[in-house]
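Shown next, in C-alpha cells, is the structure this report addresses.
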Amino acid sequence: MFDLSGKNVLITGASGGIGGAIAKALHGAGATVALSGTRVEPLEALAAELGDRAHVLPCNLSDADAVNALPKQAADAMGSVDVLVNNAGITRDNIFMRMSDEEWSSVLEVNLTSTMRLCKGVIRGMMKSRWGRIVNISSIVGATGNPGQANYAASKAGMVGMSKSIAYEVASRGITVNCVAPGFITTAMTDKLNDEQKAGILSQVPAGRMGDAEEIAAAVLYLSSPEAAYVTGTTLHVNGGMAML
Amino acid sequence: MSDVADRVRKIVVEHLGVEEDKVTETASFIDDLGADSLDTVELVMAFEEEFGIEIPDDAAETIQTFGDAVKFINGAQ
C-alpha cells in the first residue's frame, strides 16, 4: 500500500525534523525526492542517508526569485514534480500589540506566499500529466489560534483557505490539494519550550504526549498516495486529540 | 497561415471534444465550444507547446476565440 515508485517529490524545509521525516517516508515508499531548505549541510546529510533517488536543492524561501526558480530546478533534476510538500515554516512570535510589520510580513512571506509561488510553479506540469498531489503543512494553531502567534496562525489558516480554493480549480485534472495540521510535535521548534510550557501543553493533549515527526510523515504519505485520489481540499489534523476538528 | 489554423483547430477539437465544423473564426472557446476557464488555460499551454512560443498571461486573456488564437500565434512566430 502507498507505493510512490516513479513519483517525483519536492519537499521544502527538508532540513527540519518534520521535513526530514516526510522525506524519509516518501523516499521509503519508492519516490524520488528533491530536498529543499536553507541549510545545505543537513540537506546533504539527509541525501547521503537516503542514497539513490535524492537531490539537494537549497532555496531561501524569503527570496521570491529563488522560490519561483525552484519548481523548474526540481523538474530538471527529477524529470517532473508529481508531489509537492510545502513544509517549510518560520515563527517570529510576539504578542500582537508589539508585533512589528516586519515580524508579520516575514512570516507571511515564507509560510504562505512562498507556498503559493511553489503551488503555481508545479501545477502546470501536474495539469499536463493529469496527476498531482500537493500537501501543505499547516498547523493546529491555524484552526485554534495561539497567543503570541497572530502572524504564524494567520499564515497557517491562510494556507488552508488557499489549498481549498486551488483544490476546487484542479480537482477535475486528477490533482489533489490538502493540508496536514500537526499539533505539538517533538522537533527543534518545540524543544525551545521550557518544561513548564510543555507540561501546560500536555495537559491539553488527550493522548498525553507530544507527537513524533514520523506521525506527520505518515499522514503526508497517505495524502500523496494514489489511494488518496478522492481526498481533496481537506485538512488532516494530527494532534493526539488536542483539537477534534 | 492556413497551416497554423489547421494545427490550432486540431488542438481545439482534441482538447474540447467538439466537431471540427464548430471551430469557426469567431467561435468563442467558452461561449460556443463549452470550455471552462481551466480549459482555456490548458489550450494556451497546448498552443505554447505546439508552436514553441511563450504566451504571457495578459496576452492569454485576450485569446477568446479560435480566430484570436490563430491571429496571436501568427503574430508571435
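The values are calculated or read from the model by the stated rules, or taken from the named source; none is laboratory data. These figures come from a predicted structure and were not determined experimentally. Because the Cβ atoms are built from the backbone with ideal geometry, glycine has one as well, and the counts that use them run over all protein chains shown. Just so you know, the surface numbers come from the protein's heavy atoms only, side chains and all, with ligands and any DNA or RNA stripped out. Shrake-Rupley method; radii C 1.70, N 1.55, O 1.52, S 1.80 Å.
Details
- Net charge of the neighbourhood of A:THR176, taken over other residues with C-beta under 14 Å away and scored Lys/Arg +1, Asp/Glu -1, is +2.
- Buried surface between chains B and A: roughly 700 Å² of accessible area, summed over both sides, computed with a 1.4 Å probe on protein heavy atoms only.
- A:HIS237 long-range amide H proximity, modeled H, under 5 Å: A:ALA181
- Each Cα pair of the range A:1-122 feeds into the Kirkwood radius, which the Stokes-Einstein equation turns, at 10 °C and 1.306 mPa s, into a diffusion coefficient of 108 µm²/s.
- Simple Cβ-charge dipole of the range A:82-132, Lys/Arg +1 and Asp/Glu -1, about Cα centre, in debye nearest 20: 440
- Whole-Hz Karplus values for the range A:187-194 come out as 8, 4, 5, 8, 4, 5, 5, 7 Hz, taken residue by residue from phi with 6.51 cos²θ - 1.76 cosθ + 1.60 and θ = phi - 60°; glycine and proline positions read x.
- Positive-end ranking of A:GLY183, A:ALA66, A:HIS55 along the dipole of the protein assembly as shown, with charges on Cβ about the Cα centre, is headed by A:GLY183.
- In this structure the amide hydrogen of A:ALA34, modeled in the peptide plane, comes within under 5 Å of the amide hydrogens of A:VAL9, A:LEU10, A:ILE11, A:HIS55, none closer than 5 places in sequence on its chain.
- Taking the Cα centre of the range A:8-236 as reference, the dipole from Cβ charges on Lys and Arg (+1) and Asp and Glu (-1) amounts to some 740 debye.
- Prolate/oblate/rounded call for the range A:203-245, Cα gyration tensor, a/c under 1.5 rounded: oblate
- Bridgeable lysines around A:LYS120 (alpha carbons under 26 Å apart, same-chain partners fewer than 8 residues away excluded): A:LYS7, A:LYS24, A:LYS72, A:LYS128, A:LYS156, A:LYS164.
- Relative compactness, the range B:4-77, computed as alpha-carbon Rg over 2.2 N^0.38 Å: 0.96
- Taking amide H as placed 1.01 Å from N in the peptide plane, the amide H of B:ILE30 sits under 5 Å from that of B:ALA35, each at least 5 places away or on another chain.
- Extent of the range A:171-224 along its three principal axes (Cα atoms, max minus min coordinate, largest first): 49, 22, 14 Å.
- Volume per residue of the convex hull around the Cα atoms, evaluated for the range A:8-236, comes out as 120 Å³.
- For chain B, the list of GluC sites (Glu not before Pro) that fall in a loop by DSSP and count at most 11 other C-beta atoms within 10 angstrom reads B:GLU19, B:GLU25, B:GLU54, B:GLU61.
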